[in-house]
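Here's the structure, in structure tokens; my notes come after.
The values are calculated or read from the model by the stated rules, or taken from the named source; none is laboratory data. All values derive from a computational prediction rather than experimental measurement. For neighbour counting, all protein chains shown are included, and Cβ atoms are generated from backbone atoms with ideal geometry for every residue, glycine included. For the accessible areas, the whole protein counts, side chains as well, though only heavy atoms, and no ligand, DNA or RNA atoms are used. Shrake-Rupley method; radii C 1.70, N 1.55, O 1.52, S 1.80 Å.
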Amino acid sequence: MDVVSEYHDLVRKDVLPFVPQEAGRVLDIGGGIGATSVALKDCGSASHIVLLDQVADQALPAVDASHAVDLNDLDALDELLGNAGPFDTVLCLDVLEHLVDPWGVVAIIDKHLSKGGALVVSLPNLSHWSVTVPLVFAGQFRYADKGIKDRTHLRWFSREGAVDLVGSSGLSIELVRSRIWKKAERLVNLLTLKLFQRHFTAQYFVIGRKT
């Protein structure tokens, strides 16, 4: 697949409803070729895009600046954002769980957010039944090549952990939403009156606001 010509297939459409309508200057961390942030620019929400990713050299033409930076090097990240910021909206979509110190990264993001700026985060849910059921009833935890148990995940978060991470530097938590991936799980969740929703939730979206 030509990722540039087919970039619409890579847009995180599930996240777009949670991004501020006036996204302004956007920092897209770990955003691949920048498909989601470019979608925001296409609809007039984003005015300027800075992309940080290891494949930054393949960034879409609408990305204004792209950098391949080691997100575990907090000093380098701080310096880069100091030169490129401040930002009105920062996207961290399924990236923080791959980092050694996601709390340090959130603190640096907070530092370079404009007043009223938003940090939009998505994180996999450790409490999903695919993790908890084998662990509780069989004592098993096996990594996978993708998904919640992705072997490249270094950090793990429940709903409370995700909220604590986004708010760890002082950002005000504006929104928390759960995402249930499978239709069958959504049905069972409704039939059980959402009493076990945290165990059907595959992913949490959390927005922190700099007030």
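Checked against (1) at pLDDT 95 or above; (2) among the charged types (D, E, K, R); (3) not in a helix (DSSP H, G or I), residue 97 passes all but a single condition, namely (3). Of 126, 71, 135, all but one fail to be open to solvent by 30 Å² or more (accessible area, probe 1.4 Å), in a loop (DSSP other than H, G, I, E, B) and more than 22 Å from residue 16 (Cα to Cα); the exception is 126.
Scanning region 100-123 for residues that are of a type outside the set (A, V, I, L, M, F, W, C) and either part of a strand (DSSP E or B) or on the phi > 0 side of the Ramachandran plot (or both) yields a count of 5. When residue 82 is tested against (1) open to solvent by less than 20 Å² (accessible area, probe 1.4 Å); (2) part of a helix (DSSP H, G or I), only condition (1) is not met.
For region 106-123, filtered to residues that are out of contact with any strand residue (DSSP E or B) (no Cβ under 8 Å at 6 or more places or on another chain) and under 19 Å from residue 70 (Cβ atoms), the residue that is least open to solvent (accessible area, probe 1.4 Å) is 108.
Scanning region 74-86 for residues that are over 16 Å from residue 23 (Cβ atoms) and in contact with a Leu (Cβ under 8 Å, 6 or more places away or on another chain) yields a total of 3. Taking (1) closer than 22 Å to residue 105 by Cβ; (2) out of contact with any Gly (no Cβ under 9 Å at 6 or more places or on another chain); (3) in a loop (DSSP other than H, G, I, E, B) in turn, residue 21 satisfies each apart from (1).
Okay, residues lined up against (1) surrounded by 15 or more Cβ atoms within 10 Å (Cβ to Cβ); (2) in contact with a strand residue (DSSP E or B) (Cβ under 6 Å, 6 or more places away or on another chain):
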{"position": "149", "(1), (2)": "yes, no"}
{"position": "154", "(1), (2)": "no, no"}
{"position": "168", "(1), (2)": "yes, no"}
{"position": "182", "(1), (2)": "no, no"}
{"position": "190", "(1), (2)": "no, no"}
{"position": "194", "(1), (2)": "no, no"}
{"position": "204", "(1), (2)": "yes, yes"}
{"position": "210", "(1), (2)": "yes, yes"}
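Against the conditions (1) crowded, with 17+ Cβ neighbours inside 10 Å; (2) more than 20 Å from residue 19 (Cα to Cα), residue 89 satisfies every one except (2). Screening 108, 49 for residues that are of a type in the set (Val, Ile, Thr), within 19 Å of residue 171 (Cα to Cα), touching a residue at least 12 places away in the same chain (Cβ under 8 Å) and in contact with a helix residue (DSSP H, G or I) (Cβ under 6 Å, 6 or more places away or on another chain) leaves exactly one candidate, 108. For residue 204, the conditions (1) of a type outside the set (Val, Ile, Thr); (2) part of a strand (DSSP E or B); (3) out of contact with any Leu (no Cβ under 6 Å at 6 or more places or on another chain) all hold with the exception of (3).
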